[in-house]
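*Asks:* Structure provided below as structure tokens; questions to follow.
The values are calculated or read from the model by the stated rules, or taken from the named source; none is laboratory data. Every value quoted in this text rests on a predicted model; they were computed, and no experiment measured them. Positions of Cβ are generated from backbone atoms using ideal geometry, with glycine treated the same way; all protein chains shown enter the neighbour counts.
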Amino acid sequence: MDRADLTPEAEAPARPSGNFGKLAYSFLAVSLLSGAALVPHYDPVSPLLSLETIVGAVPLGSFLRGLHVWSSFAVLGATLIHVVQVAWRRTEGQLGLGAWWRAVALVPLLLLVLLGGFVLRGDAEARAAGDVWRGLMASIPVVGQGLAAFVLGGVHESLGAVALHHAGTVSILVLLFTIEHARLVWPGTRPATLATLVSVGAAGLLSLPLGPPPPGRGVLLGPWALLGLQGMLVDLPVALGWGVPLLLVTLLGALRASTGRMRGGVLAALGTLVLAWIAFSVRILLLAGGR
Amino acid sequence: MSSRRDFLGEVWRWMGIGLAALGVGLLWKSLRPARGESREVELTPDLLARLSTGEGFASGGLFLTGTPSVPKALSLECTHLSCRVAPRPAGGFACPCHGSRFDADGRVTSGPARRPLARAVLEKRGDRWIARI
């Protein structure tokens, strides 16, 4: 075949987006395995008691919880870096349209699963986060109330629905989309070893909170990745609470179909929203510190 | 003059539109919230007796004030995003989620909430008080 016939896709390197994709996948494997080990000890009817049992009575329970939490944080962190790499190297065209949108859907799914894990703590702060989540979903026109009931269960029910989606529906979707996206079942020995070592190190060295938030804090912080959203909800209309994430996902999805100046515009809009997200994260941290 | 092919095409088109409309209708029906979802809280004699101290207190998602014979109840659900507000030592209520503040009557003193806290409807059934929110 004449070299001039090769398309840019065909000339692309074997690892078009760096190693953070495989690293994210490896962290996901650690997160899912440690999460599966925690499932038998968690009862959504009495979440706080479950957590106390896991931390205090289950052999290696505290370590497993740390492994699950830190590896889950790392999944999102590595995924976001992977997204930046893809945009930087312009490799989004290597995925088919459907596979690209499913890959894009991984970002909100990961945020949802992270929020679900936070709510499953079941303490006062987690319950408040669940209330915000429900209120936000319920404010979506037409489908909001039904969606909130589907994802979170009834208002006065246990955390059963959240637990089901956290450990089941959403996690399975994330795994399926990741396998499809990576076209691999095993992420590789090196990233898997690195992810395991980092997760084990973090679980052994860093402690996790258990109980109510520090006294005097006047606002809920919630999961670190959603601080920006919390900040927006303090200052902006509620509709932006779901409108901005929806816009972010739509822009990310549109990246594949845009070329030239349009691609520049999409990237500029994405960058602006991300900067606003970071600014609102700082804003709510300052607000929490000042009350 | 339209051919049989055109006619069938038209039929399929309208059937498609009809099915789509039916699907949207079913989706709409299944996802619409239950109308007027409310709950009732019984104010037990113990709770009413506590009112004789003259101080309000929180119980069952309500803040109770007034007297045992004429109780009043305010919902503790923030009108911004439904978080549970907490009574403040200095009076009034504060929302732990986004910092909304309400006065002792439930009126907004600072946002992001815009609407006052809901007042529960109290009705006497026999010798029992029921609060509906």
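*Asks:* If you go through the stretch B:99-111, how many residues are modelled with pLDDT under 90 and within 14 Å of another protein chain (Cβ to nearest Cβ)?
*Replies:* Residues meeting the conditions: 3.
*Asks:* Return yes when A:L251 is closer than 24 Å to A:Y25 by Cα and not in a helix (DSSP H, G or I) and no when it is not.
*Replies:* Numbers: closer than 24 Å to A:Y25 by Cα: yes; not in a helix (DSSP H, G or I): no.
No, not satisfied.
*Asks:* Assuming A:S258 fulfils every condition listed in (1) of a type in the set (G, A, S); (2) touching a residue at least 12 places away in the same chain (Cβ under 8 Å); (3) outside any helix (DSSP H, G or I) apart from one, which condition is it?
*Replies:* (2)
*Asks:* While we're looking at this one, here's another question. Within the stretch B:43-65, track down each residue that is over 20 Å from the mean Cα position of the chain (by Cα) and on the phi > 0 side of the Ramachandran plot.
*Replies:* Across the stretch B:43-65, the qualifying residue is only B:G54.
*Asks:* Condition first: among the polar types (S, T, N, Q) and assigned to a strand (DSSP E or B). Now tell me which residues in the stretch B:96-118 satisfy that. Talk me through it step by step, then tell me what you get.
*Replies:* Filtering the stretch B:96-118 for residues among the polar types (S, T, N, Q) gives B:100, B:109-110.
B:T109, B:S110, listed by residue number.
*Asks:* Need a quick list: helices (runs of 4 or more DSSP H) entirely within the stretch A:138-186 having at least 1 residues that are in contact with a Ser or Thr (Cβ under 8 Å, 6 or more places away or on another chain). Quick ask: steps written out before the conclusion?
*Replies:* Values: elements: A:144-152, A:160-164, A:170-182.
Where helices (runs of 4 or more DSSP H) fall fully within the stretch A:138-186 and carry at least 1 residues being in contact with a Ser or Thr (Cβ under 8 Å, 6 or more places away or on another chain), they are A:144-152.
*Asks:* Only residues that are over 15 Å from A:G122 (Cα atoms) and modelled with pLDDT of 90 or more: list them for the stretch A:40-57, please.
*Replies:* In the first step, residues of the stretch A:40-57 are kept if they are over 15 Å from A:G122 (Cα atoms); the result is A:40, A:56-57.
Passing the criteria: only A:P40.
*Asks:* Something else about it: Could you tell me whether any residue of the stretch A:137-144 is in contact (Cβ under 8 Å) with a residue 24 or more places away in the chain and within 20 Å of A:A225 (Cα to Cα)?
*Replies:* Taking every residue of the stretch A:137-144 in turn, at least one turns out to be in contact (Cβ under 8 Å) with a residue 24 or more places away in the chain and within 20 Å of A:A225 (Cα to Cα).
*Asks:* Which ones in the stretch B:114-133 are of a type outside the set (A, V, I, L, M) and either in contact with a His (Cβ under 9 Å, 6 or more places away or on another chain) or within 27 Å of A:P237 (Cβ to Cβ) (or both)? Before the answer, list the steps.
*Replies:* Looking only at the stretch B:114-133, we keep the residues that are of a type outside the set (A, V, I, L, M), and these are B:114-116, B:119, B:123-129, B:132.
B:R114, B:R115, B:P116, B:R119, listed by residue number.
*Asks:* Kindly check whether there is at least one residue in the stretch B:75-90 that is loosely packed, with under 13 Cβ neighbours inside 10 Å and either away from chain A (no Cβ under 14 Å) or within 23 Å of A:V155 (Cα to Cα) (or both).
*Replies:* Checking the stretch B:75-90: not a single residue is loosely packed, with under 13 Cβ neighbours inside 10 Å and either away from chain A (no Cβ under 14 Å) or within 23 Å of A:V155 (Cα to Cα) (or both).
*Asks:* If you don't mind, there's one more thing I want to ask. Cβ-Cβ distance below 6 Å, separation of 6 or more or different chains: which pairs start in the stretch A:266-291 with a residue that is more than 16 Å from A:W88 (Cα to Cα) and within 14 Å of chain B (Cβ to nearest Cβ) and end on one that is modelled with pLDDT under 95 and surrounded by fewer than 18 Cβ atoms within 10 Å (Cβ to Cβ)?
*Replies:* Taking only residues 6 or more apart or on different chains, the pairs are A:A288/A:R217; A:R291/A:G218.
*Asks:* Within 13 Å of chain B (Cβ to nearest Cβ), of a type outside the set (G, A, S) and surrounded by 21 or more Cβ atoms within 10 Å (Cβ to Cβ): which single residue out of A:V174, A:V132, A:V104, A:V155 fits that description? Steps first, answer last, please.
*Replies:* Details: A:V174 fails: within 13 Å of chain B (Cβ to nearest Cβ); A:V104 fails: within 13 Å of chain B (Cβ to nearest Cβ); A:V155 fails: surrounded by 21 or more Cβ atoms within 10 Å (Cβ to Cβ).
Criteria check complete, one pass: A:V132.
*Asks:* Give the stretch A:241-291 a look and list any residue that's closer than 23 Å to B:G99 by Cβ, among the β-branched types (V, I, T) and surrounded by 14 or more Cβ atoms within 10 Å (Cβ to Cβ), or say none.
*Replies:* A:V244, A:I284
*Asks:* Residues that are outside any loop (DSSP other than H, G, I, E, B), under 25 Å from A:A129 (Cβ atoms) and modelled with pLDDT under 95: does the stretch A:81-100 have at least one? Explain how you work it out, then say what you get.
*Replies:* Applying the first criterion (outside any loop (DSSP other than H, G, I, E, B)) to the stretch A:81-100 yields A:81-89, A:92-94, A:97-100.
Within this subset, residues satisfying the condition of being under 25 Å from A:A129 (Cβ atoms) are A:83.
Restricting the remaining residues to those that are modelled with pLDDT under 95 gives A:83.
Yes - at least one qualifying residue is present in the stretch A:81-100.
*Asks:* Do we find a residue being of a type in the set (V, I, T), assigned to a helix (DSSP H, G or I) and either within 14 Å of chain B (Cβ to nearest Cβ) or in contact with a strand residue (DSSP E or B) (Cβ under 7 Å, 6 or more places away or on another chain) (or both) anywhere in the stretch A:29-47? Break it down stepwise before answering.
*Replies:* We begin by selecting, within the stretch A:29-47, every residue of a type in the set (V, I, T); these are A:30, A:39, A:45.
Narrowing the set further to residues that are assigned to a helix (DSSP H, G or I) leaves A:30, A:39.
Remaining after also requiring either within 14 Å of chain B (Cβ to nearest Cβ) or in contact with a strand residue (DSSP E or B) (Cβ under 7 Å, 6 or more places away or on another chain) (or both): none.
Checking the stretch A:29-47: not a single residue is of a type in the set (V, I, T), assigned to a helix (DSSP H, G or I) and either within 14 Å of chain B (Cβ to nearest Cβ) or in contact with a strand residue (DSSP E or B) (Cβ under 7 Å, 6 or more places away or on another chain) (or both).
*Asks:* Among the residues in the stretch B:18-37, are any assigned to a strand (DSSP E or B) and either at pLDDT below 80 or over 30 Å from A:A124 (Cβ atoms) (or both)? First the steps, then the outcome.
*Replies:* The first filter runs over the stretch B:18-37 and keeps only residues assigned to a strand (DSSP E or B), leaving none.
Taking every residue of the stretch B:18-37 in turn, none turns out to be assigned to a strand (DSSP E or B) and either at pLDDT below 80 or over 30 Å from A:A124 (Cβ atoms) (or both).
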